[in-house]
Amino acid sequence: MVCASVILAAGMGTRMKSESAKVLHDLGGYPLIQWALNAGWEATGREPVLVIGPDAEDIRAIAKNQAAFVEQPERLGTGHAVMQAKKVLQGKSDLILVTYADMPLLRIETLKRLIKAQEESEARIALLTLISDNPRGFGRIIHNNSGEVIGIVEEADATTEQLEIKEYNAGTYCFRADWLWENLPRLPKSVKGEYYLTDMVAMAVEDGGAVASVIVDDEDELIGVNTRVHLAEAHAALQRRINSQWMLAGVTIVDPANTYIGPEVALGSDTIILPNTHLEGKTIIGSACRIGPNSIIRDTSIGDRCKIESSVMEGAILEDDVDAGPFAHLRKGAHLMQGVHMGNFGEVKNSTLGPGVKMGHVSYIGDATVGDEVNIGAGTITCNYDGKQKHHTEIGARAFIGSGTMLVAPVQVGEDAITGAGSVVKHDVPDSSLVVGVPAKVIRKLEQSD
Ligand code: UD1
Ligand code: MG
């Protein structure tokens, strides 16, 4: 059966008390809306229809090319919101999956289970429910004496008795499309003046149709974000989910409550992640590494057996057996080849450090190519910027850069060359020569080490 998906995101999100739309708030590095779009696509295999409010330019910008947009001109409730999708979807599918954009942790498998339950039953609506002691403001599921679902009552409209019900509406439904489009316009206005999608359940039953329900066991999946307290709950739940997955895959996470791993990160087995480490974006880390504590690693690729301590890395590549930190800073385009050692307070940007380079302390290497086994003394700086443009520095294999050397780019230091401590290198240094002074001059040709 063809199933189309409708995602509701036109609500005001007033309970967030925010200048920005609720669905643009971040969860694990991505706005809430992104989670809903991914789920809609993956559960149905087609482009979802996204219902947004007027003036939602910021949401349109993020969801561009990921959804067909439909505008709800006035926020008249969830039923009214789905109604807006009728003109683009009527006659196009057998089933309609409706999700709310504020439920980021719903699993694709759960949505597929719901669609399957609908396909295999005669029901007009299949819905997800949750049984729990924490109502979180959810609508209550009303059953008849035979245990069949006959309605949903919103918390605000519930009687004291109904408030005691412990089965809740997750806000995720799969409808028979033709029945939905035909009957949606019949929704009554609630006391609040809104058209509740949840009232479709009672309507289906009154018309003599059945309603199927699928109970979700993992409460975390159904955290609906209405307030920032819920958002924090969603963060904690996501973290638990991702960290458990990696621990079961062979990664040691010493303190899962204080380790933050993004959904797109990949980790190799026997790697150890120490507390207060943030792995973000498309970071990939190999096997048997030791990462952290206190590190932030974003969009960085790290090989096997690397050791990173209290460092910040962004857009960098580290090959196998690299160690960095404490307090290393790698920026975009930093490429540390096999076995590089980078000690404390170093910064590398847009530069390649060849195999075995040692850069122990307090140096800045920017826009440079550094050959194999070069030793970079403490306090070395590539002076890559002349106030207008960036310039390149090249250091040949096995060169020894003395402490406090200023390499005024563009400049080249030859292979096996040595710069004395405190040299200001403004001119190219030939291979196997020793330069010293300000500006640095060749004072001796060195014996070839063959
Ligand atoms: C809703 C359900 C409730 C359920 C809960 C689960 C209704 C009436 N109530 O309550 O039974 O337990 O979700 O999370 O459906 N929206 C629009 N247009 C509108 C109003 C809302 O697009 O006019 C969107 C919102 O952006 C949001 C979603 O619909 O993504 C749900 O709205 P929200 O206000 O969060 O409803 P809840 O109070 O959470
Ligand atoms: Mg909600």
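Key figures
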read-out	value
The chain, relative contact order [Cα under 8 Å, separation at least 6], %	8 percent
HN-Hα J in Hz across the range 307-312 - Karplus 6.51, -1.76, 1.60, θ = phi - 60°, x for Gly and Pro	10, 10, 10, 6, 9, 10
DSSP bridge pairs, the range 238-445: antiparallel proportion in percent, nearest 5	5 percent
Qualifying trypsin sites (Lys or Arg not before Pro) for the range 114-176 [loop in DSSP, other Cβ within 10 Å: at most 13]	166
Beta bridge orientation in the chain: antiparallel %, DSSP, nearest 5	20 percent
Solvent-accessible area per residue, Å², over the chain with all protein chains present [probe radius 1.4 Å]	45 Å²
Neighbour-limited loop hits for trypsin sites (Lys or Arg not before Pro), the range 367-429 (at most 11 other Cβ within 10 Å; DSSP other than H, G, I, E, B)	388
Solvent-free Debye scattering, log10 I(q)/I(0), computed from the Cα coordinates of the chain at q = 0.06, 0.07, 0.08, 0.14 Å⁻¹	-0.40, -0.51, -0.61, -1.15
Helical segments meeting 18 Å axial Cα length and Kyte-Doolittle 0.0 threshold in the chain (DSSP H)	32-44
Whole-Hz couplings from phi, Karplus 6.51/-1.76/1.60, listed for the range 291-301; x for Gly and Pro	10, x, x, 6, 10, 10, 10, 10, 6, 10, 10
Cβ-based charge dipole, the chain, positive-most Cα from 342, 292, 423	423
Computed over the range 336-450: relative contact order in percent, which uses C-alpha pairs under 8 Å that are six or more apart	16 percent
Among the listed pairs 64/349; 92/282; 22/87, those beyond 29 Å (Cα-Cα)	64/349; 92/282
For the range 151-223 versus the range 1-67, the gap between their alpha-carbon centres in whole angstrom	21 Å
Farthest toward positive dipole pole in the chain [+1 Lys/Arg, -1 Asp/Glu at C-beta], among 383, 135, 209	383
From phi via Karplus (6.51, -1.76, 1.60), per-residue ³J(HN,Hα) for the range 182-188 in Hz, x at Gly/Pro	6, 9, 3, x, 7, 4, x
Under the Debye formula (equal points on every Cα, no solvent term), log10 I(q)/I(0) of the range 238-445 at q = 0.11, 0.13 Å⁻¹	-0.52, -0.68
Positive-end extreme of charge dipole, the range 3-222 - chosen from 31, 9, 65 (charges on Cβ)	65
Size of electric dipole in the chain: Cβ of Lys, Arg +1 and of Asp, Glu -1, about Cα centre, debye, nearest 20	1020 debye
Antiparallel DSSP beta bridges within the range 3-222, percent to nearest 5	45 percent
Proximal charge balance of residue 205 [Cβ under 15 Å; K/R count +1, D/E count -1]	-2
Over the range 171-236, volume per residue of the alpha carbon convex hull, in Å³	118 Å³
Candidates 248, 238, 267: whichever shows maximal mean-square fluctuation once the chain is modelled as a Gaussian network with Cα springs under 10 Å	248
Dipole magnitude of the range 238-445, debye to nearest 20 (Cβ charges: Lys/Arg +1, Asp/Glu -1, about Cα centre)	440 debye
Cα centroid separation - the range 299-327 against the range 379-410, whole Å	22 Å
The range 1-105: GluC sites (Glu not before Pro) in DSSP coil with no more than 12 other Cβ atoms inside 10 Å	19, 74
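The values are calculated or read from the model by the stated rules, or taken from the named source; none is laboratory data. In this text the structure is predicted, and so the values were computed from the model without any measurement. Cβ sites come from the backbone with ideal geometry, for glycine too, and all protein chains shown count toward neighbours. Ligands, DNA and RNA are excluded from the accessible area calculation, which covers all protein heavy atoms including side chains. Shrake-Rupley method; radii C 1.70, N 1.55, O 1.52, S 1.80 Å.
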